[in-house]
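**Q** Shown below is the structure under consideration.
The values are calculated or read from the model by the stated rules, or taken from the named source; none is laboratory data. These figures come from a predicted structure and were not determined experimentally. Here the Cβ is made from the backbone with ideal geometry for all residues, glycine too, and neighbour counts use every protein chain on show.
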């Protein structure tokens, strides 16, 4: 049931957003050097790596300077990147990940391997389900970049405070998952973006 839901709505979403994708792609190319899409290896279901798609919102060499985005005005973020990150437009290409089956519309946000290596045995349970575009943690920590930007040691804050809190919410989702829960999360995500 969930897979059918994901296939139907990701396919419809891609069809609806194709003209918008083209406009965003052109703006990204005009704004800075590099491709339209950004691919990053993330950890998915059953601890298997996959490539997550996003619209590129940062300079090409940004990963070499760290995996975390620090603050809303991280100097690696491009001008169009600031806009598409603010309204979560950079996440829309993940509809492709959903369509091919790497991700679901709703599920724990996929993490990079570097941080998954810090998970304890209980936290590894989040890898028993497909990762998603949105979840409880995406809503609760929509201002994560701002929180990290206020810290003297962003990576330490992420590993010791933010990541465990997000994983706790992910485990809550796994315990409550179902179509009604997913619809509520999608609705609350849209509300959060509008606000």
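**Q** Quick test of your reading of the structure: residue 187 fulfils all but one of (1) assigned to a loop (DSSP other than H, G, I, E, B); (2) exposed (fewer than 15 other Cβ atoms within 10 Å of the Cβ). Name the failing condition by number.
**A** Of everything listed in (1) assigned to a loop (DSSP other than H, G, I, E, B); (2) exposed (fewer than 15 other Cβ atoms within 10 Å of the Cβ), residue 187 misses just condition (1).
**Q** For the stretch 83-103, does any single residue satisfy the condition of being touching a strand residue (DSSP E or B) at 6+ places or on another chain (Cβ under 8 Å), more than 25 Å from residue 183 (Cβ to Cβ) and in a helix (DSSP H, G or I)?
**A** The answer is yes, given that some residue of the stretch 83-103 is touching a strand residue (DSSP E or B) at 6+ places or on another chain (Cβ under 8 Å), more than 25 Å from residue 183 (Cβ to Cβ) and in a helix (DSSP H, G or I).
**Q** Same structure again: Tell me yes or no: at least one residue of the stretch 144-164 is touching a helix residue (DSSP H, G or I) at 6+ places or on another chain (Cβ under 7 Å), within 27 Å of residue 20 (Cβ to Cβ) and either touching a residue at least 12 places away in the same chain (Cβ under 8 Å) or surrounded by 14 or more Cβ atoms within 10 Å (Cβ to Cβ) (or both).
**A** yes
**Q** Let me ask something additional. Looking at (1) part of a loop (DSSP other than H, G, I, E, B); (2) touching a residue at least 12 places away in the same chain (Cβ under 8 Å), which is the only condition residue 126 fails?
**A** Just one mismatch for residue 126, condition (1).
**Q** Does the stretch 112-120 contain any residue that is touching a helix residue (DSSP H, G or I) at 6+ places or on another chain (Cβ under 7 Å), closer than 14 Å to residue 13 by Cα and outside any loop (DSSP other than H, G, I, E, B)?
**A** no
**Q** Now for a different question. Which residues, taken from the stretch 45-79, are part of a helix (DSSP H, G or I) and either at pLDDT below 95 or surrounded by 13 or more Cβ atoms within 10 Å (Cβ to Cβ) (or both)?
**A** 45, 62, 63, 64, 65, 79
**Q** Name every residue in the stretch 80-90 that is surrounded by fewer than 21 Cβ atoms within 10 Å (Cβ to Cβ) and under 16 Å from residue 38 (Cβ atoms), in order of residue number. Spell out the reasoning first.
**A** Filtering the stretch 80-90 down to residues surrounded by fewer than 21 Cβ atoms within 10 Å (Cβ to Cβ) leaves 82-83, 86-89.
Those that are surrounded by fewer than 21 Cβ atoms within 10 Å (Cβ to Cβ) and under 16 Å from residue 38 (Cβ atoms): 82, 83, 88, 89.
**Q** Further, regarding this structure: Going by the conditions given, is residue 17 outside any strand (DSSP E or B) and either surrounded by fewer than 20 Cβ atoms within 10 Å (Cβ to Cβ) or modelled with pLDDT under 95 (or both)? Walk me through it before giving the result.
**A** Working: outside any strand (DSSP E or B): yes; either surrounded by fewer than 20 Cβ atoms within 10 Å (Cβ to Cβ) or modelled with pLDDT under 95 (or both): yes.
Against the criterion (outside any strand (DSSP E or B) and either surrounded by fewer than 20 Cβ atoms within 10 Å (Cβ to Cβ) or modelled with pLDDT under 95 (or both)), residue 17 qualifies.
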